[in-house]
1. If you check Ala56, Ala37, which single one turns out to be closer than 19 Å to Met1 by Cβ and in contact with a Pro (Cβ under 8 Å, 6 or more places away or on another chain)?
2. Report the residue count in region 62-92 for those that are in a helix (DSSP H, G or I), among the hydrophobic types (A, V, I, L, M, F, W, C) and either in contact with a Lys or Arg (Cβ under 6 Å, 6 or more places away or on another chain) or open to solvent by less than 40 Å² (accessible area, probe 1.4 Å) (or both).
3. Do you know which residues across region 93-115 are in a strand (DSSP E or B) and out of contact with any Asp or Glu (no Cβ under 7 Å at 6 or more places or on another chain)?
4. Among the listed residues Ala25, Ala55, identify the single one that is open to solvent by 30 Å² or more (accessible area, probe 1.4 Å), assigned to a helix (DSSP H, G or I), farther than 24 Å from Ala116 by Cα and of a type in the set (Gly, Ala, Ser).
5. Of the residues that make up region 3-22, is at least one in contact with an Asp or Glu (Cβ under 8 Å, 6 or more places away or on another chain), surrounded by fewer than 16 Cβ atoms within 10 Å (Cβ to Cβ) and of a type in the set (S, T, N, Q)?
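The values are calculated or read from the model by the stated rules, or taken from the named source; none is laboratory data. For clarity, every value in this text was computed on a predicted model and none was experimentally measured. Virtual Cβ from ideal backbone geometry, glycine too; neighbours counted across all protein chains shown. SASA here: full protein model, heavy atoms, side chains in, ligands and nucleic acids out. Shrake-Rupley method; radii C 1.70, N 1.55, O 1.52, S 1.80 Å.
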Amino acid sequence: MLSHTLEHGVLVITVDQDPGIDGRATLTTHITNLVDAHQPTPVVIVLTERAAGHAAVSAVLRAHQWCGRLGVLMCVVTHSAPARRLLENNADASGPRLVVHARVDTAITTAFTAAA
């Protein structure tokens, strides 16, 4: 369901499938544990086409709140326009803005540049 790599000093977490409502908390926990282990490294979360469902989006939004509390830069990549709208419309506005991209390379470059 989840994999991660470090690319140019950016933690890239790829979610391969939507966990469903029952797996949402587990996905959130996996993401926040990776963020904790690699902080203050910026984070890019990639939602594949199969992972662009409501439960995965909800988990990513919760992870965004976590990153905001830690002061960790986070952005999201998805090709799904409906998922991008959900993310942008429901992101926590009290912390750093959640930036949503359509391309992984752009997100990594942006996160790397912003962290420098």
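1. On inspection, the qualifying residue turns out to be Ala56.
2. Matching residues across region 62-92 total 5.
3. Selection gives Val99, His101.
4. So the residue among Ala25, Ala55 that is open to solvent by 30 Å² or more (accessible area, probe 1.4 Å), assigned to a helix (DSSP H, G or I), farther than 24 Å from Ala116 by Cα and of a type in the set (Gly, Ala, Ser) is Ala25.
5. Yes: region 3-22 contains one or more residues that are in contact with an Asp or Glu (Cβ under 8 Å, 6 or more places away or on another chain), surrounded by fewer than 16 Cβ atoms within 10 Å (Cβ to Cβ) and of a type in the set (S, T, N, Q).
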